[in-house]
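Data block below; observations after.
The values are calculated or read from the model by the stated rules, or taken from the named source; none is laboratory data. Keep in mind that this is a model prediction, so the values were computed, not measured. So basically every Cβ, Gly included, is an ideal-geometry build from the backbone, and we count neighbours across all protein chains shown.
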Amino acid sequence: MSVTVVIGAQWGDEAKGKFVDLFSQQAELTARFNGGDNAGHTVVNPYGTFKLRLTPNGFANPATACIIGPGVVVNLATLLSEMETIRQAGIALDERLWVSPRCHVVMPYHPRIEAIYERAKGKASTGTTGRGMGPVYADKVSYNGIRLADLFDEGAFAARLRIQLELKNALLRAYNEDALDFLSVYEEKLAQFARLRHVVREPFGLLQAALRRGAPIVLEGAQGALLDNDWGTYPFCTASTTLAGGAAAGLGIAPRWIDQVVGVAKAYTTRVGAGPMPTELNDATGEAIRQAGAEFGTVTGRPRRCGWFDADLVRFTAALNGCTALALTKLDVLDGLPRLKVGVGYCPGDGSPARYWQGDARWLAGCQPEYIELDGWQQSTSHARAWRDLPRLAQAYVRKVEELVEVPVGWVSVGPDRDATIPVPPL
Ligand code: IMP
């Protein structure tokens, strides 16, 4: 297995967590490299069902170290509550958890500033998860961030916090919001930090030693490639790098170590938040997919927008990430549909065929998708456990995805449990 990166090949929520959990059974290390507690993974394993946002999904394997790399931003309250949930499930994690001191900390002003931005943009708002991601990453790149390392030194933390509160409170007051009190923020953060400082230690040495040994490592991307800050549908995207390449920078691993990139994609498309989604279905079929797939956000509970599989988008993200295989999830959600469509490209209005990467979000919003149609299999696949158990038409659907995306499908998933994962034989 060596070094495998698992990334979302659509707009997030592709059930990456399930594959990270599965691959981490053999991994010595699993590591998160981007995002923060805007991510939400639901993972079902023998200990129960977990809804996690920050902790790498190897947490359930006692032989796996779990790393949160410098590319991740940390909300201390979220991390503490996850550590507690995992402890209560009877899993010993603290010894195996390494959180880089280079990680930036989400401070109480970040979600509040985000709310001001979102309100100011009105209809043009991004529809964020409200976890302060834009402002915390903005502070990071503009040298205004507070990192976990700063919390080891109370004096240095106090000095930084005073400056930031002066700046941030001016903005809050300008928008008629209550200012934040220095002492309560200072004490709250130090108290939270005291409860997890034992896991704040730089994982670089551990990772490098594991790489040199050829140890199996799983790198876990959050969100999806189409939410990437550079390549996603900006400004309807997230604040970090969601691509396989981000694993290198976000963890301090040279790109040459990465052997496999697994792109996880749903057998259809979903999106939460605003922004273009060419194959969206605002009709009874979209609603049927939402209900069958329980498509409601893990972090916000918002109904997800649902639509047909968009092969052009996934071909693009597969190329962007260098996917060596796809994991196609939630195939069973399509079980009841008599006919299925797959988006194969766009027509921007002038009749000429076009590709996602040729334009921006505004351009994409004006594009009409072109479809091919396939027969649905109309029988349950949720009990299938081998390729031969899948109806012929379901197999044909998977093969069509493979052909259009130009990447082999390595696995099909037909349910949340680990064993509801079917290896796909090569063509
Ligand atoms: P933010 O990451 O909270 O700033 O939100 C920016 C955009 O990314 C919004 O459209 C969110 O709905 C979307 N987003 C962020 N995290 C996730 C995720 O884990 N799954 C799906 N969408 C996400």
Sort out which residues of the range 4-26 are buried (at least 24 other Cβ atoms within 10 Å of the Cβ) and either at pLDDT 95 or above or not in a helix (DSSP H, G or I) (or both), and write them in order of number.
Thr4, Val5, Val6, Ile7, Gly8, Ala9, Gln10, Trp11, Gly12, Asp13, Glu14, Ser24
Apart from one, (1) in contact with a strand residue (DSSP E or B) (Cβ under 9 Å, 6 or more places away or on another chain); (2) surrounded by fewer than 17 Cβ atoms within 10 Å (Cβ to Cβ) all hold for Arg304; the odd one out is (2)
The one condition Ala149 fails out of (1) modelled with pLDDT under 95; (2) surrounded by 13 or more Cβ atoms within 10 Å (Cβ to Cβ) is (1)
The condition of being at pLDDT below 90 and over 12 Å from the mean Cα position of the chain (by Cα) holds, among Asn45, Asn75, only for Asn45
Would a scan of the range 198-212 turn up a residue that is part of a helix (DSSP H, G or I), under 30 Å from Thr128 (Cβ atoms) and among the aliphatic types (A, V, I, L, M)?
yes
Residues of the range 165-176 satisfying the condition of being charged (D, E, K, R) and either under 31 Å from the mean Cα position of the chain (by Cα) or at positive phi (or both)
Lys168
Given (1) touching a residue at least 12 places away in the same chain (Cβ under 8 Å); (2) out of contact with any Gly (no Cβ under 6 Å at 6 or more places or on another chain), index of the condition Ala170 fails
(1)
Does Val218 qualify as being modelled with pLDDT of 95 or more, surrounded by 14 or more Cβ atoms within 10 Å (Cβ to Cβ) and more than 15 Å from the ligand (Cβ to nearest atom)?
yes
Of those in the range 265-281 that are outside any loop (DSSP other than H, G, I, E, B) and touching a Gly at 6+ places or on another chain (Cβ under 6 Å), the residue nearest to the ligand (Cβ to nearest atom) is Thr269
Can you spot a residue in the range 198-212 that is closer than 28 Å to Ser2 by Cα and within 16 Å of the ligand (Cβ to nearest atom)?
no
Show the residue pairs that are 6+ apart or on different chains and have beta-carbon atoms under 7 Å apart, the first residue being within the range 218-238 and touching a residue at least 40 places away in the same chain (Cβ under 8 Å) and aliphatic (A, V, I, L, M), the second being in a loop (DSSP other than H, G, I, E, B) and more than 10 Å from the ligand (Cβ to nearest atom).
Val218/Ser24; Val218/Ala27; Leu219/Phe33; Ala222/Asn34; Ala225/Ala9; Ala225/Trp231; Ala225/Leu243
Which strands (runs of 3 or more DSSP E) sit wholly inside the range 358-427 and have at least 1 residues that are without any contact (Cβ under 8 Å) to a residue 12 or more places away in the chain and of a type outside the set (Val, Ile, Thr)?
none
Go through (1) surrounded by fewer than 22 Cβ atoms within 10 Å (Cβ to Cβ); (2) part of a helix (DSSP H, G or I); (3) in contact (Cβ under 8 Å) with a residue 12 or more places away in the chain; (4) under 20 Å from the mean Cα position of the chain (by Cα) one by one and return the number of the condition Ser81 breaks.
(3)
In the range 101-138, which residue that is of a type in the set (Ser, Thr, Tyr) and within 19 Å of Arg160 (Cβ to Cβ) is nearest to the ligand (Cβ to nearest atom)?
Tyr137
Going through the range 366-401 in order, the residues found to be within 20 Å of Pro278 (Cα to Cα) and acidic (Asp, Glu) are Glu370, Glu373
How many residues are of a type in the set (Phe, Trp, Tyr) and under 16 Å from the mean Cα position of the chain (by Cα) when one looks only at the range 207-254?
2
Can you name the residue in the range 1-47 that is acidic (Asp, Glu) and within 11 Å of the ligand (Cβ to nearest atom) and is also farthest from Val405 (Cα to Cα) among such residues?
Asp37
